[in-house]
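Comments concern the structure below.
The values are calculated or read from the model by the stated rules, or taken from the named source; none is laboratory data. Remember, it's a predicted structure, so these values are computed and weren't measured experimentally. When we count neighbours, we look across all protein chains shown, and the Cβ atoms used for this are built from the backbone with ideal geometry, even at glycine.
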Amino acid sequence: MQHRIAFLSKYPPIEGGIAARTYWLARGLAARGHEVHVITHGTGTAGQYQIEKAENPPDARPNLKIHRCENVIPWHIPEDKETFISLLDLTLDLVKRNTIEVLDSGYLVPYGIVGSLARKLTGVRHVMRHGGSDLEKFLKNGIFPTLLADSIASSDMIVTNKADETNFKSMTSNVISIPAYIPDEAVFHPNRDRHLKHGRLAFIGKINYHWEHKALDKISSIMGYLVPEYECLIVGQGNGLSNFKQSLTASLSAAIQWRPFIAPWDMPELLENLDAIFLFESMLPYRTFSNLALEAIWSGVGIITDRLEFADIYTDTVALTDDQVIAVSPDEPMEAAAKVKAWLNMRKKAVPRSTITFNDYLTINEKIYTRLLDMR
C-alpha cells in the first residue's frame, strides 16, 4: 500500500547524520512508490554547517519533492527571524494541499514540536524521531520541558532505539524501537576491483568550537606519524575549523589534505577511496551512534577508534571483527600510528556481516505508517 508521507527534518545542504538519514530513507521509500515530501529549512540557515552546492540531489524522483522555508519575514518588534513559524506554516500548507497521511519528524527541536502542533491543527498522523544530541541538549537538560513533554505525549509514535527508549516511556506508551539507521547496500558496498596507489585515511565530520571532544588534536597527531606513507584527509567544516587548524604546526597542517564536507550522495564514492576512518568518541559528552560508521563498514572501510567497546553499539545491526575495527590509545600517537600501520597491512575490505538489510529497514518503517493509518 502506497502512502503520502512528509518528512519534517534536517536535510541537505544541512550537514550531519540526521540530514543524511532523512535523505536515504526518503529516497528509499520513494523508490518503493510512496509519495514522499521533505519539509526543511531554507538554504543558508545552517551557516558554516551548510554543504556547498548540495541543494539538489542528482537522482531526483517525481514522487519525491523537497520544500524549503524561503519566505522573507517583514521586520517587526520584537525583531525575530521567526523560522519556527515559517516551518510550521509551510508544514500546515503542505499537509492540507497534498493530503499528507503521515508526518515524520526527524529531530526533537524544532521539527518534533512543529510536527506535534501540525498534528493538533490538522489531525495528520505524527511520527517523532530523534538524534543523539537533541536528547542531551534539550530533553535531558530540561530545555522546553513542558512543550517537549506535551509534544512527545501527543505524538502517534515515538521511533527510537533500545538504548534510548527509557527516555520516552514515562511520557507515552507509543514507543517503538528500531535500528537507528541502515545504509543502502546498493550504494554502500566494498569495491574489490579498485586498488589504491596510496593508502588513504580520513576523519569525516563536523568541526565545531568543541573539536577537542572529537579528539581532532589527537587524531591529527597520529596522522603526523602516518604521512607521507598514507594520505591523510580531514573532511569537515564548521565554526571551529579555523581554530583547529591554528592549533597544528605548519608542517602537520600542510601534510594533511583538507576538504569541505560533502553531500550524502557523494559519500559512497569518498568511502570507496578510503582504507579507514578515524572515529574517536571517548571524549564526547554523551553516547553516540554514528551513521557514518555503518556506511564505512558497509563499504568495507576500517574503523580506527579509541573505544574498546565500540562494536557493542552496533551488535543489533552488524557483527564486527578485529579486521574491521581497531582500538588505539589517542594519548600515544606514535604507538597508535604503528598499530594502525600493522593493522592496515593485514586487513582487507570485506563484506559486512549485517543482520538487517536496507530493504528490511524500509519495510519496518512502512509497517509503522501502515499501523498508524489502520488505527483511524
**Request:** Inspect all residues belonging to region 288-304 and state whether any of them is farther than 24 Å from Asp184 by Cβ, among the acidic types (Asp, Glu) and at pLDDT 95 or above.
**Result:** no
**Asked** Being more than 21 Å from Met223 (Cα to Cα), out of contact with any strand residue (DSSP E or B) (no Cβ under 8 Å at 6 or more places or on another chain) and crowded, with 20+ Cβ neighbours inside 10 Å, is that true of even one residue in region 315-329?
**Response** no
**Number of the exception - Glu212 against (1) out of contact with any Gly (no Cβ under 6 Å at 6 or more places or on another chain); (2) of a type outside the set (A, V, I, L, M, F, W, C); (3) over 30 Å from Trp298 (Cα atoms)** = (3)
**Top-ranked residue in region 24-46 [being out of contact with any strand residue (DSSP E or B) (no Cβ under 8 Å at 6 or more places or on another chain) and in contact (Cβ under 8 Å) with a residue 40 or more places away in the chain; ranked as surrounded by the fewest Cβ atoms within 10 Å (Cβ to Cβ)]** = Arg32
**Asked** Of the conditions (1) in contact with an Asp or Glu (Cβ under 8 Å, 6 or more places away or on another chain); (2) part of a loop (DSSP other than H, G, I, E, B); (3) within 22 Å of His41 (Cβ to Cβ), Pro179 fails just one. Which one is it?
**Response** (3)
**Request:** Report yes if some residue within region 290-308 is among the charged types (D, E, K, R) and more than 16 Å from the chain's Cα centre (by Cα); otherwise report no.
**Result:** yes
**Complete:** Picking from Tyr49, Tyr11, the residue that is touching a residue at least 12 places away in the same chain (Cβ under 8 Å), surrounded by 15 or more Cβ atoms within 10 Å (Cβ to Cβ) and within 19 Å of Gly112 (Cβ to Cβ) would be Tyr11
**Request:** Name every residue in region 10-24 that is assigned to a helix (DSSP H, G or I) and either within 23 Å of Asp93 (Cα to Cα) or among the basic types (Lys, Arg) (or both), in order of residue number.
**Result:** Ala19, Arg21, Thr22, Tyr23
**Complete:** Restricted to region 27-47 and to residues being assigned to a helix (DSSP H, G or I) and among the aliphatic types (A, V, I, L, M), the residue nearest to Gly17 (Cα to Cα) is Leu29
**Asked** What are the residues in region 287-313 that are touching a residue at least 24 places away in the same chain (Cβ under 8 Å) and over 19 Å from Asp275 (Cβ atoms), if any?
**Response** Arg287, Thr288, Phe289, Asn291, Arg307, Ile313
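One line per residue, one yes/no per condition, for (1) surrounded by 14 or more Cβ atoms within 10 Å (Cβ to Cβ); (2) at positive phi; (3) modelled with pLDDT of 95 or more:
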{"residue": "Phe84", "(1), (2), (3)": "yes, no, no"}
{"residue": "Leu87", "(1), (2), (3)": "yes, no, yes"}
{"residue": "Lys96", "(1), (2), (3)": "no, no, yes"}
{"residue": "Pro110", "(1), (2), (3)": "yes, no, yes"}
{"residue": "Arg119", "(1), (2), (3)": "yes, no, yes"}
{"residue": "Arg129", "(1), (2), (3)": "yes, no, yes"}
{"residue": "Asp150", "(1), (2), (3)": "yes, no, yes"}
{"residue": "Phe168", "(1), (2), (3)": "yes, no, yes"}
**Prompt:** Is one or more of the residues making up region 348-364 surrounded by 16 or more Cβ atoms within 10 Å (Cβ to Cβ), in the same structural domain as Cys232 (by TED's automatic domain parsing) and closer than 23 Å to Lys218 by Cβ?
**Reply:** no
**Request:** Please work out which one of (1) at pLDDT 95 or above; (2) surrounded by fewer than 16 Cβ atoms within 10 Å (Cβ to Cβ) is the condition Pro264 fails and give its number.
**Result:** (2)
**Item:** Evaluation of Met334 against (1) surrounded by 14 or more Cβ atoms within 10 Å (Cβ to Cβ); (2) of a type in the set (A, V, I, L, M); (3) in contact (Cβ under 8 Å) with a residue 24 or more places away in the chain (one fails), failing number
**Value:** (1)
**Message:** Suppose we filter Leu279, Leu284, Leu274 for residues that are under 21 Å from His130 (Cα atoms), touching a Lys or Arg at 6+ places or on another chain (Cβ under 9 Å) and in the same structural domain as Met346 (by TED's automatic domain parsing); which single one remains?
**Reply:** Leu284
**Qualifying positions in region 75-93 - of a type outside the set (Phe, Trp, Tyr) and under 15 Å from Gly42 (Cα atoms)** = Lys81, Glu82, Thr83, Ile85, Ser86, Leu87, Leu88, Asp89, Leu90, Thr91
